[in-house]
Every structure is written in structure tokens, then in C-alpha cells.
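Asks: Structure in C-alpha cells, see below.
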Amino acid sequence: LCQERIMRTTPLASKSKPVGAGGGPTVDIYGFRLSVGSEEPTVPREYILSPSVKENLVNIVRVVSSGKFPVLLQGPTSCGKTSMIEYLATCTGHKFVRINNHEHTD
């Protein structure tokens with residue numbers, strides 16, 4: 001969906017409008033502006049940004065910065081979905097809450 005809907009119409013080098021249209025503070029993540037949460041934005045030093053992880057982060061940030069689409073991450077167990085979102089939350093100063101969702105979740 002990211003490839004179809006966003007990447008086709010948004011050049012990689014373009015800057016998006018801030019998500020917090022109310023004039024709130026934003027932070028630049030890979031050339032895209034994301035709103036800052038209630039925590040202090042920090043860059044976790046223990047997170048390893050391999051080329052494939054960085055590519056996935058750029059794609060997620062691109063979609064989130066558009067403010068147009070919800071994001072659902074799918075993938076096998078332990079492929080890095082949760083840690084990638086936790087990293088992004090820390091970088092933008094947002095609180096991170098993990099909720100396991102599976103076939104037994106009500």
C-alpha cells in the first residue's frame with residue numbers, strides 16, 4: 001500500500017506538512033516532519049539501524065507524516081515490528097504502549 005499510494009505520488013526528497021497542524025512542535029525524521037509527544041525526544045543509541053531497517057523506517061515515517069492513512073504492520077514473529085515502532089516513538093517523544101493482538105484477543 002505504501003508503494004502504491006504514497007511513494008508513487010510523493011517524491012522521496014519532498015518535505016511533508018507537519019502532522020500537528022495546530023502549530024505544535026515537530027521533529028524531522030528522514031526529511032519528514034512528525035509531531036512531538038509529551039516526552040523528550042531522544043535517539044536510542046542501542047538500536048541498530050541496518051540498511052533494511054532504515055528503509056522500513058523511512059517508509060513508515062513517510063506514510064505517518066502524510067496523516068492520511070492508518071498503519072498496520074504485518075510480519076513474522078521477531079522480525080522487528082515492535083522495536084522499530086518503539087524506536088520511532090522514542091525519537092519523537094511519544095509514549096510507547098505494546099498491546100499483543102492475536103486470535104485470542106477480545
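Asks: With θ taken as phi - 60° and the coefficients 6.51, -1.76 and 1.60, list the Karplus ³J(HN,Hα) couplings across region 44-54 in order, rounded to whole Hz; mark glycine and proline as x.
Replies: After applying 6.51 cos²θ - 1.76 cosθ + 1.60, I find x, 7, 7, 7, 8, 9, 6, x, 6, 5, 4 Hz.
Asks: Also: Can you sort ILE99, ILE85, ILE60 by solvent-accessible area, 1.4 Å probe, largest first? Each step should come with its number before you reach the end.
Replies: Values: ILE99 135, ILE85 60, ILE60 15 Å².
Descending order: ILE99, ILE85, ILE60.
Asks: Sequence neighbours fewer than 8 away in the same chain don't count; with that in mind, list the aspartates and glutamates whose C-alpha is under 18 Å from LYS68.
Replies: GLU4
Asks: I've got another one for you. Amide H to amide H, which residues 5 or more places from ILE29 or on other chains are under 5 Å from it, using H placed in the peptide plane?
Replies: LEU34
Asks: Something else now. DSSP loop trypsin sites (Lys or Arg not before Pro) in region 33-74 with at most 14 other Cβ atoms within 10 Å of their Cβ, which ones?
Replies: Within region 33-74, the qualifying trypsin sites (Lys or Arg not before Pro) (loop, at most 14 other Cβ atoms within 10 Å) are ARG45, LYS68.
Asks: Which whole-Hz couplings ³J(HN,Hα) result when phi for each residue of region 64-70 is put into the Karplus expression 6.51 cos²θ - 1.76 cosθ + 1.60, θ = phi - 60°, listed in order with x for Gly and Pro?
Replies: 4, 5, 5, x, 9, 10, x
Asks: Reachable aspartates and glutamates from LYS54, Cα under 17 Å, same-chain residues fewer than 8 places away excluded?
Replies: ASP28, GLU46, GLU86
The values are calculated or read from the model by the stated rules, or taken from the named source; none is laboratory data. Bear in mind the structure is a predicted one, so any value in this text is a computation, not a measurement. When we count neighbours, we look across all protein chains shown, and the Cβ atoms used for this are built from the backbone with ideal geometry, even at glycine. Side chains included, ligands, DNA and RNA excluded: accessible areas come from the protein's heavy atoms. Shrake-Rupley method; radii C 1.70, N 1.55, O 1.52, S 1.80 Å.
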